[in-house]
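**Q** This structure is in structure tokens; I'll ask about it shortly.
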Amino acid sequence: MALKFVDEVELTGKRVIARFDFNVPLKDGVITDPTRIDKALPTIKHILENGAKSLVLMSHLGRPKGEVKPEFSLEPVATYLANKLNEEVILTESCKDKGIKTLLELPGTKVILLQNLRYHKEETENDPEFSKVLSQYGEIYVNDAFGAAHRKHASTYGINAYFKNKAVGGFLMKAEVSALQKIVNKPQSPFVAIVGGAKVSDKIKIIDALLVSVDSLLIGGAMAYPFLKAQGKEVGKSLCSDEDVKLAKSILTQPSARKIVLPIDHLASTEFGGKPQIVSEANLQEDLMGLDIGEATLALFREKLQSAKTVLWNGPMGLFENDDYAKGTFGVAKILAELPDAFTLVGGGDSVAAVNKSGLAEKMSHVSTGGGASLEFIENGSLPGVKALKFGLN
């Protein structure tokens, strides 16, 4: 059964309820980065332009943990949307307002934004009664919140039980799923994955999943030091827990470990973010911590990537927020941007931030907004919220 999307259903005269990810960063009540709202606009505009009678929008913001906390109000989102859509957006006091149904019957009501879903603990508990309340605001359900699709919450999972054959994905969901399927379903070879970031324990599942299908797995950033230590190399003061070294050792004993490529030189310092020192070998002396891959490693990674047809990048190569240690991460971004005919997917919060900072995001085939959701999709081949859209809940 194929997953259906919003451009495949008749919307004229229908009441639509749609889940988005408006979990945007705020400072003093002002949105500092509206990217997630902007990504939702194509789906919202499609619904409105195709004759929907009404559109109820829902999202979470932050982690209010089932309590009403004014700092997590969706009011700034309602204001931003109203300006972008040139349309009145009515923000409700809660998701369970008795007046919402009455509001939906009024002829002039078009767009309603429910107040923060996570003001209700029933949302994260996937409470069936809460799902039922939400379902009563629409005849068609649209899920465009890919970044929350790995959660079995009422608005992303449970609600599907009330929309048999009437639950569809939005355009962002469509873009994310189709891009990630190119990684999950027989990726074109050579397939190279680049993994960085901090803890091996956080990414053990993705590493295991990737080692099955990749031709090469390039490991950089703080992720590399437990592997180097497990190989008997000196890592100095680099970020490296005993648990991560143990996990790295178990990975390196697998036959597929031959696919792993580790740094052969470093940019290091005696303190975090301190004055950089070039270390032209894999070992680091005891007073140094590795903070970026070196030039020889970047050249080695370039060699491995040169013939790639599919590339997944998750996690930076170093402390890219500091210009002294950004060369490795931005160097990888540049290599990917210049690959002639490869499918390049960037997933995960820090690598997305890095590729945006490099100014090369538009040169990538797909930059995922999903963070943890995109990694879970690769690990498991799908997500609870995506499966529920596809197969429904009984």
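**Q** Going by average Cβ density within 10 Å per residue, which order do the peptides 177-189, 245-257 take, highest to lowest?
**A** Most protected by this proxy first, the peptides run 177-189, 245-257.
**Q** How big is the stretch 151-300 by Rg and Dmax over its Cα atoms, in Å?
**A** 19.6, 62
**Q** So, by mean Cβ neighbours within 10 angstrom, what's the order for 25-33, 354-362, 166-174 with the highest one leading?
**A** Sorting 25-33, 354-362, 166-174 by mean packing, highest first, produces 166-174, 354-362, 25-33.
**Q** Mind sorting Met317, Met289, Met223 by how few other Cβ atoms lie within 10 Å of their own Cβ, fewest first?
**A** Least crowded to most crowded, the residues run Met289, Met223, Met317.
**Q** For a quick protection proxy, order the peptides 100-108, 155-163, 299-307 by their average other-Cβ count within 10 Å, most packed first.
**A** Ranking, from highest mean packing down: 155-163, 299-307, 100-108.
**Q** Taking the Cα centre of the stretch 6-169 as origin and charging only Cβ (+1 Lys, Arg; -1 Asp, Glu), how large is the dipole, in debye to the nearest 20?
**A** 300 debye
**Q** Take the stretch 249-325, compute every pairwise Cα distance, and split them into 5 Å bins from 0; I just need the percent in each bin.
**A** Distribution as computed: 3, 14, 20, 21, 20, 14, 7, 2, 0 percent.
**Q** Can you give the helix-only mean residue ellipticity at 222 nm for the chain, where every DSSP H stretch with n ≥ 4 adds -39500 (n - 2.57) and the sum goes over all residues, rounded to the nearest 500 deg cm²/dmol?
**A** That calculation yields -10500 deg cm²/dmol at 222 nm.
**Q** Sticking with this one: Which aspartates and glutamates have a Cα lying under 20 Å from the Cα of Lys132, excluding residues fewer than 8 positions away in the same chain?
**A** Straight-line reach from Lys132, under 20 Å: Glu93, Asp97, Glu105, Glu122, Glu123, Asp144.
**Q** Of Lys101/Lys166; Lys203/Lys334; Lys174/Lys363; Lys205/Lys249; Lys69/Lys199, which pairs sit farther than 22 Å apart, going by alpha carbon to alpha carbon?
**A** Violating the 22 Å limit, Cα to Cα: Lys203/Lys334; Lys69/Lys199.
**Q** When N counts the residues of the chain, how does its alpha-carbon radius of gyration compare numerically with 2.2 N^0.38 Å, as a ratio?
**A** 1.08
**Q** A further question follows. Could you compute Rg(Cα) / (2.2 N^0.38 Å) for the stretch 1-45, with N its residue count?
**A** 1.54
**Q** Find out how many positive minus negative residues lie around Gly170, taking Lys and Arg as positive, Asp and Glu as negative, among other residues whose Cβ is under 12 Å from that of Gly170.
**A** Result for the neighbourhood of Gly170: 0.
**Q** Please report Leu211, Leu57 as a ranked list, fewest other C-beta atoms within 10 angstrom at the top and most at the bottom.
**A** Ordered by Cβ neighbours within 10 Å, fewest first: Leu211, Leu57.
**Q** Another question, if that's okay. Convex hull over the alpha-carbon atoms of the stretch 6-169: what's its volume per residue in Å³?
**A** Enclosed volume per residue, from the Cα hull, is 101 Å³.
**Q** Provide the net charge surrounding Gly236, with neighbours chosen by a C-beta distance below 11 Å and charges set as Lys +1, Arg +1, Asp -1, Glu -1.
**A** Result for the neighbourhood of Gly236: 0.
Values quoted throughout were computed directly from the atomic coordinates according to the rules given, and no laboratory measurement underlies them. Being a predicted model, the structure only gives us computed values, none of them experimental. Every residue, glycine as well, gets a Cβ built from its backbone with ideal geometry; the counts of neighbours run over all protein chains shown.
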